[in-house]
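Working notes, beginning with the structure itself.
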Amino acid sequence: MKIATLGNAAVIHTRRWVECFRARGHEVRVWSLEPAAEGWDAHVLPRAPLPGFLRYGLATPALTQALARFQPDVVDAHFVPNYGVMAALSGFHPFSITAWGSDLLIDAPRDVLQRARARFVLTRADLVLADSNNLAAAARQHGADPARVHAIPWGVEIERFAALPAREPGLLFGARMHEPVYDIPTLIHGVRPVLARDPHARLVLAGDGSLRAEHERLAGELLPRDRVQFVGLLAPHELANWLGRAEVYLSSSWSDSTSVTLLEAMAAGAVPVVSDIDGNREWLADGDGARLFAPGDAAAMTRAIEQVLDDTAWAASARARNRAVIEARGVWNTNMGHIEALFEALARGARRGSRAREHLG
């Protein structure tokens with residue numbers, strides 16, 4: 001197949017997705033308003049110095065011309081309010097839209113304009129992909145044809161978690177971006193009593209974002225400086241190493257579909273202590289593979305962490321349970337194969353429709 005991917009070329013998830021389809025023998029070209037990460041190729045579209053909702057619309061004519069030259073079998077757009085809008089405006093079919101979570105769970109409910117944009121895209125898409133059931137439900141709520149919506153988690157490259165380092169007692173690890181939705185302050189406050197109680201416990205936070213400096217200041221005020229570390233963005237093998245060493249994986253997010261890092265933690269054996277939200281409950285329950293706490297409740301998070309650290313037998317059973325769940329329904333190659341089959345079905349349908357029109361003509 002010839003696949004035209006529309007998405008942020010600076011984001012690792014876009015790169016993983018594209019390289020997967022290239023490795024499966026498809027010709028994939030990428031169009032993005034954001035420059036590609038170093039060492040990777042993408043066609044950069046004109047980026048006007050305007051608000052985002054105008055910027056993407058104004059870049060659509062250049063995209064439409066590029067698609068006319070490339071003649072893809074499928075247009076594959078990522079994130080509903082921007083690249084989804086561009087795909088819909090281009091008029092090209094078939095096109096698939098992949099929701100990433102916040103676009104439908106946070107942005108779309110925010111106001112009338114956001115809801116209208118989501119509906120504009122979802123009612124025109126030939127295929128709607130969501131990585132969780134709650135995200136798929138949001139897509140249907142905002143106008144997607146239920147028959148075109150498929151909930152398929154991306155999964156993890158499980159081979160990265162085959163040979164892991166020794167686990168480090170007391171290592172607490174988080175890897176969410178430093179943005180408001182991930183509520184890092186609750187995590188820092190929740191960890192504080194654990195570090196005060198256990199002199200061997202320490203916190204390592206990966207990720208970057210607009211609030212990182214603020215979070216570093218807060219951690220410096222509340223936590224022992226020699227037992228907290230901010231390590232920034234990590235390469236996949238570095239992330240796997242930290243998750244393999246950690247006793248506990250932490251996330252205090254207010255909203256999520258399926259968090260890829262959560263699945264990676266489950267594959268690596270870092271026991272999740274995560275907020276009690278729909279996206280997490282599709283994979284875990286309190287006492288069944290994880291300890292959950294109410295979003296924003298730092299004291300409940302403290303108790304959950306202590307439950308994991310104090311019950312080594314339960315933690316061992318949780319690790320075995322989580323690994324089995326990932327092997328059963330969270331493997332990247334298997335799940336991307338399902339998406340590939342959906343793309344191929346779209347392409348076949350488009351070719352049949354084209355031949356029928358030619359015959360009628």
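Key figures for this structure:
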read-out	value
Test: residue in region 97-108 that is β-branched (Val, Ile, Thr) and surrounded by fewer than 18 Cβ atoms within 10 Å (Cβ to Cβ)	yes
Residue match in region 217-231 (condition: crowded, with 19+ Cβ neighbours inside 10 Å, in contact (Cβ under 8 Å) with a residue 12 or more places away in the chain and not aliphatic (A, V, I, L, M))	no
Residues located in region 193-208, provided they are assigned to a helix (DSSP H, G or I) and free of Cβ contacts under 8 Å to residues at least 40 places away in the same chain	195, 196
Residue match in region 84-99 (condition: within 23 Å of residue 3 (Cα to Cα), touching a Leu at 6+ places or on another chain (Cβ under 9 Å) and among the β-branched types (Val, Ile, Thr))	yes
Evaluation of residue 178 against (1) under 25 Å from residue 326 (Cα atoms); (2) assigned by TED's automatic domain parsing to the domain that holds residue 304; (3) touching a Lys or Arg at 6+ places or on another chain (Cβ under 6 Å) (one fails), failing number	(1)
Residue list for region 71-94, restricted to those being farther than 16 Å from residue 57 by Cβ and buried (at least 17 other Cβ atoms within 10 Å of the Cβ)	72, 73, 74, 75, 76, 78, 94
Residue 338 surrounded by fewer than 19 Cβ atoms within 10 Å (Cβ to Cβ) and either more than 19 Å from the chain's Cα centre (by Cα) or not assigned by TED's automatic domain parsing to the domain that holds residue 208 (or both)	yes
Flag for residue 128 being under 27 Å from residue 155 (Cα atoms), over 17 Å from the mean Cα position of the chain (by Cα) and surrounded by 21 or more Cβ atoms within 10 Å (Cβ to Cβ)	no
Residues being more than 16 Å from residue 78 (Cβ to Cβ) and either of a type in the set (Gly, Ala, Ser) or touching a strand residue (DSSP E or B) at 6+ places or on another chain (Cβ under 9 Å) (or both) - total across region 103-125	1
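The values are calculated or read from the model by the stated rules, or taken from the named source; none is laboratory data. Model, not experiment: these values are computed from the prediction. So basically every Cβ, Gly included, is an ideal-geometry build from the backbone, and we count neighbours across all protein chains shown.
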